[in-house]
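Everything below concerns the one structure shown next.
Every number here is computed from the coordinates shown, using simple stated rules; none is lab data. Keep in mind it's a predicted model, so treat the numbers as computed, not measured. Note that each Cβ is placed from the backbone with ideal geometry, even for glycine, and that neighbours are counted across all protein chains shown.
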Amino acid sequence: MKMSDTRQIAAAPADVYAALLNPEVLKACVPGATEVSGDSENGFEATVVQKVGPVKATFKGQVTLSDMIENESLTITGEGKGGAAGFAKGGAEVRMRPSETGTELSYDVEAKVGGKLAQLGSRIIDGFAKRMADQFFTNLQDTLEGPSDEAEDDADAPAKKGWLGRLTGKE
């Protein structure tokens, strides 16, 4: 299964790149992630709980980063085992370039599954993989930009800052 997409993120390429190297940001962005530890040099270990069709599994796996060009691009490769449910592996080539609104982020994702998951059929798997990738990059965008204007409609709601603002204490 392969897919590609492009997103506009209202943050500088350096901030987007730094976010992709931060285990706390990755934990917040990966749908179903319960644990992410490690670093960009040695790789990350992750635990993700997901339900694909009728199959629910806890995947434990490794994520490595390669082909890293600071503030421009990187390749994310991961593999996880979900016990009797099977395995999932894949990767994403992520590219960032400055745009008028911040960063144009584009990605190409490829994913493969085996075991019980593979028996569900390609339509279910392809739809699930697309939703996972879309949700990851939506979560990344929300983490970097803070809440959308629609989320700020409630004037009494406390202001939320993007991840960089929360870490530095400024917006």
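Highest mobility in the GNM of the chain, judged by mean-square fluctuation with C-alpha springs under 10 Å and restricted to Ala84, Ala19, Ala33, is found for Ala84.
Of the GluC sites (Glu not before Pro) found in segment 1-83, the ones in coil according to DSSP and having at most 14 other Cβ atoms within 10 Å of their Cβ are Glu41, Glu70, Glu72. With the alpha-carbon atoms of the chain aligned to their principal axes, the span from lowest to highest coordinate is 47, 39, 27 Å, starting with the largest. A P(r) calculated from all alpha carbon pairs of segment 55-143, with 10 Å bins opening at zero, reads 15, 43, 29, 11, 1 percent.
May I ask you to sort Val113, Val49, Val55 by Cβ crowding, counting other Cβ atoms within 10 Å and putting the fewest first?
Val49, Val55, Val113
With both residues required to sit in the chain, DSSP beta bridges show an antiparallel share near 100%.
Taking the beta-carbon count within 10 Å as an exposure proxy, list Leu144, Leu21 from fewest neighbours to most. Each step should come with its number before you reach the end.
On the way: Leu144 24, Leu21 16.
Going from sparsest to densest Cβ surroundings: Leu21, Leu144.
Expressed as a fraction of 2.2 N^0.38 Å, the value expected for a compact globular protein of N residues, the C-alpha radius of gyration of segment 1-72 is 1.25. GNM on the chain, alpha-carbon springs under 10 angstrom: the most fluctuating residue among Gly90, Gly114, Gly61 is Gly114. Could you state the angle between the C-alpha long axis of helix 122-145 and the longest principal axis of the C-alpha atoms of the chain, as a value from 0 to 90 degrees rounded to the nearest 10? For helix 122-145, the angle is close to 20 degrees.
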